[in-house]
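Contents: one structure, followed by commentary.
The values are calculated or read from the model by the stated rules, or taken from the named source; none is laboratory data. Every value quoted in this text rests on a predicted model; they were computed, and no experiment measured them. All Cβ positions, even for glycine, are placed from backbone atoms using ideal geometry, and neighbour counts span all protein chains on display. To get the accessible areas, we keep the full protein, side chains included, count just its heavy atoms, and leave off ligands, DNA and RNA. Shrake-Rupley method; radii C 1.70, N 1.55, O 1.52, S 1.80 Å.
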Amino acid sequence: MTLREMVDSSRRIVFFGGAGVSTESGIPDFRSEDGLYRQKYDVSPETMLSSDYFYSHTEEFYRFYRDKMLPLDAQPNAAHKKLAEWEREGKLLAVVTQNIDGLHQKAGSKRVYELHGSVHRNTCLKCGKKFSAEYIARGTGVPRCGCGGVIKPDVVLYGEMLDDATVIGAIDAIRHADMLIVAGTSLTVYPAAGFVNDYRGDRLVLINRDATPLDGRCDLVIHGKVGEVLGGL
Ligand code: APR
């Protein structure tokens, strides 16, 4: 079956995406040639985006975070828009994303499981007050709450656990999917990458520019740009 035939005959599509879904919105991914983790830093981005580094080098964390992790002017691309359209048509159960940029919601998607959290949710570590991404972006240095507490982004840093309810919801959606589209991800970061194994159907589609460890187990593999591929449906 072609991608279009699979989509046309599916009613419970789940989309599992990664940073490659947002590159056509101008946000670099992590592990491609021009990815964030390929750029030269004194301290590796994986270290800077770790929980230990946040607490031990908060000022340096925020310098990197504001510089590289807050593309607030990025707009949804054709992939985000098509998924929101399918949800409105009752064809898509949920989006499961490893991204923290909020572009799926910006495109109109409602049921989005953000496995690694979101830059749009920020919490005071002392009193729990919530702050927007814009509040963090326009400040300098370590952002603090009126109570004096340090504000932390609600993103899953290396060394931190994923949110239980989000994981349960994502796995439940994948288990009930009649079609699973995996796109824009190198499938190298666990536990997120392992969730695709919970899919039980026979319409497992991969849309990724580069090869992934999942290629050999898919019913359809498309090595291309996910915005172009979904936008063309
Ligand atoms: N269309 C399709 N695939 C694309 C596109 C595109 N327009 N752009 C990039 N890709 C592919 C690349 O070929 C690559 O395989 O998307 C993949 C992106 O992989 P990564 O950069 O590793 O991103 P991701 O898989 O989301 O990383 C997972 O790692 O650092 C952590 O928390 C971070 O959520 C992130 C996790």
(Q) Among (1) among the hydrophobic types (A, V, I, L, M, F, W, C); (2) in contact (Cβ under 8 Å) with a residue 24 or more places away in the chain; (3) farther than 29 Å from ASP202 by Cα, there is one condition CYS127 misses while meeting the rest; what is its number? (A) (2)
Q. When LEU72 is evaluated against the numbered criteria (1) touching a helix residue (DSSP H, G or I) at 6+ places or on another chain (Cβ under 8 Å); (2) surrounded by 16 or more Cβ atoms within 10 Å (Cβ to Cβ); (3) touching a residue at least 60 places away in the same chain (Cβ under 8 Å), which criterion, by number, is the only one it fails?
A. (2)
Q: Select, from VAL119, VAL205, VAL196, VAL189, the only residue that is in a strand (DSSP E or B), touching a residue at least 60 places away in the same chain (Cβ under 8 Å) and either within 16 Å of the ligand (Cβ to nearest atom) or on the phi > 0 side of the Ramachandran plot (or both).
A: VAL205
Q: Determine whether GLN39 is over 30 Å from GLY148 (Cα atoms), open to solvent by 40 Å² or more (accessible area, probe 1.4 Å) and polar (S, T, N, Q).
A: yes
**Q.** Number of the condition not met by GLU24 [criteria: (1) touching a Lys or Arg at 6+ places or on another chain (Cβ under 7 Å); (2) closer than 26 Å to GLY232 by Cα; (3) within 9 Å of the ligand (Cβ to nearest atom); (4) open to solvent by less than 20 Å² (accessible area, probe 1.4 Å)]
**A.** (4)
Q: Can you work out which of the residues in region 150-172 that are under 16 Å from the mean Cα position of the chain (by Cα) and assigned to a helix (DSSP H, G or I) is surrounded by the most Cβ atoms within 10 Å (Cβ to Cβ)?
A: ALA170
(Q) Tell me yes or no: at least one residue of region 128-147 is within 20 Å of VAL21 (Cα to Cα), open to solvent by less than 30 Å² (accessible area, probe 1.4 Å) and either away from the ligand (no atom under 16 Å from the Cβ) or not β-branched (Val, Ile, Thr) (or both). (A) no
**Q.** Residue identified as in contact (Cβ under 8 Å) with a residue 60 or more places away in the chain and within 15 Å of the ligand (Cβ to nearest atom) among SER32, SER44
**A.** SER32
Q: Determine, yes or no, whether ALA84 is open to solvent by less than 20 Å² (accessible area, probe 1.4 Å), assigned to a helix (DSSP H, G or I), farther than 16 Å from VAL156 by Cβ and within 10 Å of the ligand (Cβ to nearest atom).
A: no
(Q) Can you pull out every residue in region 1-18 that is outside any loop (DSSP other than H, G, I, E, B) and not basic (Lys, Arg)? (A) LEU3, GLU5, MET6, VAL7, ASP8, ILE13, VAL14, PHE15, PHE16, GLY17
Q. When region 87-100 is examined, which residues are found to be surrounded by 21 or more Cβ atoms within 10 Å (Cβ to Cβ) and in contact with a helix residue (DSSP H, G or I) (Cβ under 8 Å, 6 or more places away or on another chain)?
A. LEU92, LEU93, ALA94, VAL95, VAL96, THR97, GLN98, ASN99
